[in-house]
1. Mind checking which of PRO253, VAL441, TYR457 is farthest towards the positive end of the chain's charge dipole, using Cβ charges of +1 (Lys, Arg) and -1 (Asp, Glu) about the Cα centre?
2. Only Lys, Arg, Asp and Glu count, each charged at its Cβ (+1, +1, -1, -1), so figure out the dipole size of the chain about its Cα centre, rounded to 20 debye.
3. In sequence order, what are the phi-derived ³J(HN,Hα) couplings for region 555-561 according to the Karplus relation 6.51 cos²θ - 1.76 cosθ + 1.60 with θ = phi - 60°, rounded to whole Hz, with x for glycine and proline?
4. Where nothing but the Cβ of Lys and Arg (+1) and of Asp and Glu (-1) is charged, how large is the charge dipole of region 449-522 around its Cα centre, in debye to the nearest 20?
5. Quantify, in whole percent, the carbon and sulfur part of the accessible surface of the chain (1.4 Å probe; protein heavy atoms only).
6. Rank by packing, highest mean first: peptides 390-397, 29-36, 372-379, with packing defined as the count of other Cβ atoms within 10 Å averaged across residues.
7. In square angstrom, what is the accessible area per residue of region 414-530 with a 1.4 angstrom probe?
8. Given the DSSP H assignment, sum -39500 (n - 2.57) over each helix run of at least 4 residues in the chain and divide by its residue total; what's the result at 222 nm in deg cm²/dmol, nearest 500?
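The values are calculated or read from the model by the stated rules, or taken from the named source; none is laboratory data. The shown structure was predicted, so the numbers you read here are calculated from the model rather than taken from an experiment. Using ideal geometry, Cβ is built from the backbone for each residue, glycine included, and neighbour counts are taken over all protein chains shown. Surface areas here come from the heavy atoms of the whole protein model, side chains and all, with no ligands, DNA or RNA. Shrake-Rupley method; radii C 1.70, N 1.55, O 1.52, S 1.80 Å.
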Amino acid sequence: MAQPIADYALVGDRQTGALVGTNGSIDWLCLPRFGSSACFAALLGTEDHGHWQLCPVDDYQVSRRYVGGSSALETTFTTATGVVTLTDVMPPGDRRSDVVRRIRGVHGTVRVRHEWVVRLDYGAVLPWVRRQTVDGEAVITAIGGPDRLVLRGPRLPRANDHRHTDEFDVDEGAVLTFSTTWLPSHLPLRDLGQIDDRVEAAVAEDEEWARRCRTDVPHSDLVRRSLLTLRLLTDSETGGIVAAPTTSLPEDPGGERNWDYRFCWLRDAALTIGALIEAGYTEEAQLWRGWLLRAVAGDPADLQIVYAVDGSRRITELELAHLPGYQDSRPVRIGNGASLQRQLDVVGEVMIALEQTRQATGDVDRNGWALQLALMENLARTWREPDHGLWEIRGPQQRFTHSQAMVWAAFDRAVRAVEDFDLDGPVEQWRELRDTVHAEVLERGFDAERGTFVQHYGTTAVDASLLVLPKIGFVAGDDPRMLGTIAAIEKDLIRDGLVLRYRTETGVDGLPGDEHPFLACSFWLVSAYAGCGRTDDAHALFDRLCALANDVGLLPEEYDAARARMIGNFPQAFSHLALVRAAFDLEPR
């Protein structure tokens, strides 16, 4: 069985990422891209679905850290006979992907086990494996369809029942470097190159990027790690930002709320850009703006809420029956049916992010403005239609209050663009629509009897997404209507001190089962507390949330406080960006 989610750490090359367990096992890796099929899929099954492990043979204690301000992971194994470190890093490549694993003897002698089990296509395909010599170097290759994996190292494991295993002693001062490289199977196998120089360059690049991070915030180390994680989830070539590097880690263990998050949601990506801009990183914003223009090119009526990281539209949802799922949570899904949903709020999120980019860079980008004009023209025709909302419900569409508030934000940012940057557009129409939407939300999205904004028109239930209304400027943080909303959310949605998205028992999402508190929502409550003057409550909750990160500073989608366990896809961009933005909303103590 896979380890608890908290026991994993992420390493990546900004085009894909691997999950490494505290037992030295890579249990999840999709090559060569985030959305590619997995060659190590033990996370969603068993060891027989593919993994790569280096760890002591005997009992050990373990500790981990990222090396400085980099994404290189160092795991220290301490046994009765000695100490070794395992360093994992994925240096950026050119039409290839490399995972480099370096064992170093620190003290004494440690017997290490090496196991390399490749199963392509999410653990379904047993590859053709053989030993070869490339430029005088002995390697092991595993081929299946378009994929070729090459294992290199000072000693190669031997085949044993469709897996490759080895044991060896690591003495003090010894260094053994192994690597697995993905290459297209149709290309000649030659010139594998040197690994060491690329590893050092990757670490240096990460640390230079991290040094620019702001430090005048609470829990600055965790903020920096969150920003580095968001960077790892941003494709360095296309600018697309994935929600998480995993699929089907369950929201309800043993249930069917299992989704594929290896795609670029417009909302999540726009919010990530906002967090990066607040932290002073603008290059990523311009890279993402280019991705956006390519992805949504065409009729704005065909706008999707989610795309593949390269901008592709077809991400058909399928179920993989051969995988038993994490903690027996079925089905395992690839692709995401939410791509066909209608979610009005994404236009608002995109307009906010593009406005932030203009303000931060001073770059008006006329091509980008043409896209925004088309989006606003379409929104002016369709804003009264119901949608699936922020949470991608699979029940009946509603007029969600958060969606309508984001419609207001879209028109508001369009007006600002004309006023602040002298761009052309039907500003009088936008001002009128902005006022009309605002008035309607106050009338139909607010329950005067309860004194709270509501989840959607016609209900008395609340929703954690209402906490962002002050952040987008729809209402002041200390407005009595917002204070009442905070109170209602505290009453209805807090479980074990953390915030649920909504109450699943209302049936609004059309799915069976339950879920756990959504960490981003709890960070939103931090910001809401800060915005209404409840500074002590904001800091106390922020401190508690930061304590939920695992030993290397990573956060999942949800958290089960009753069982003290992480839940959902991991690491989750939404959680990390919400942490960063909450930190910036707090005054340092």
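1. PRO253
2. Charge dipole of the chain: 800 debye, to the nearest 20.
3. Coupling constants for region 555-561: 10, x, 6, 10, 9, 9, 5 Hz.
4. For this selection, approximately 160 debye.
5. 46 percent
6. Descending packing order for the listed peptides: 29-36, 372-379, 390-397.
7. The answer is 39 Å² per residue.
8. About -10000 deg cm²/dmol.
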